[in-house]
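A.B. asks: After the structure tokens below, expect a handful of questions from me.
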Amino acid sequence: MKPTHIEHIGIAVKNLDDAIRLYQTVYGLECYATEEVPEQKVKTAFFMVGQTKIELLESTDPEGPIGKFIEKKGEGIHHLAFAVNGLAGALEETAANGVVLIDKTPRKGAEGLNIAFLHPKSTFGVLTELCEKP
Ligand code: ZN
């Protein structure tokens, strides 16, 4: 596997509107999309920085993954997402290298991407997402 670029960085926030305001007003970036992903219990907002996105994540449920993350660690960087070609193959290769997978097979993420997460205990504490365009 060789990632082509950092597809996005996911940032957990308590209030999406407040966070959007920072990225728009202070950084001068444009929020080009917002999306609710009910399976993940999040609302997201996207900004493009070069070829990398910033994905802001607000929990819609305290029991969801982002809700739990914020309760445990507070707001901040939640995950790093690499773009790869051939996600299913990359996952097999990653597992063969002893990395624990959260998702053994690709699933649908925001923006229609195929995604899979690697366990942070195998990646030095960084929740890592691999994704590819369908
Ligand atoms: Zn992500």
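The values are calculated or read from the model by the stated rules, or taken from the named source; none is laboratory data. Keep in mind that this is a model prediction, so the values were computed, not measured. Positions of Cβ are generated from backbone atoms using ideal geometry, with glycine treated the same way; all protein chains shown enter the neighbour counts. To get the accessible areas, we keep the full protein, side chains included, count just its heavy atoms, and leave off ligands, DNA and RNA. Shrake-Rupley method; radii C 1.70, N 1.55, O 1.52, S 1.80 Å.
A.B. asks: Show me 42-48, 65-71 ranked by packing, highest mean number of other Cβ atoms within 10 Å first.
C.D. replies: 42-48, 65-71
A.B. asks: Continuing with the same structure: Across the stretch 85-100, in residue order, what do the Karplus-derived ³J(HN,Hα) couplings come to in whole Hz, using 6.51 cos²θ - 1.76 cosθ + 1.60 with θ = phi - 60° and x for Gly and Pro?
C.D. replies: Couplings: 9, x, 4, 4, x, 4, 5, 4, 4, 5, 5, 5, 8, x, 7, 7 Hz.
A.B. asks: After finding the eigenvalues of the alpha carbon gyration tensor for the stretch 91-134, what semi-axes result from the square roots of 5 times each, listed largest first in whole Å?
C.D. replies: Taking √(5λ) for each eigenvalue gives 19, 12, 7 Å, largest first.
A.B. asks: Another question about this same structure. Could you derive backbone 3J(HN,Hα) for the stretch 23-36 from the dihedral phi with the Karplus parameters 6.51, -1.76 and 1.60 (θ = phi - 60°), listing whole Hz in sequence and x where the residue is Gly or Pro?
C.D. replies: 5, 7, 7, 7, 8, x, 9, 9, 6, 8, 6, 10, 7, 9
A.B. asks: Please report, as a whole percent, how much of the solvent-accessible surface of the chain comes from carbon and sulfur atoms (probe radius 1.4 Å).
C.D. replies: Ligands and nucleic acids excluded, carbon and sulfur reach 54 percent.
A.B. asks: OK, next. Tell me which lysines have Cα within less than 23 Å of LYS43's Cα, excluding those fewer than 8 residues away on the same chain?
C.D. replies: LYS14, LYS53, LYS68, LYS72, LYS73, LYS108, LYS133
A.B. asks: Another question, if that's okay. Restricting to bridges with both residues inside the stretch 5-132, how much of the DSSP beta-bridge set is antiparallel, in percent to the nearest 5?
C.D. replies: Values: 29 of 39 bridges.
If I count the DSSP bridges inside the stretch 5-132, around 75 percent turn out antiparallel.
A.B. asks: For the chain, just the Cα set please: Rg and Dmax, both in angstrom.
C.D. replies: Expressed in Å, the Cα Rg and Dmax of the chain come to 14.6, 45.
A.B. asks: Residue separation times 0.36 nm, minus the C-alpha to C-alpha distance between ARG21 and ASN97: what's the value?
C.D. replies: On the way: separation 76, 0.36 × 76 = 27.36 nm, distance 4.15 nm.
Additional length available on full extension: 23.2 nm.
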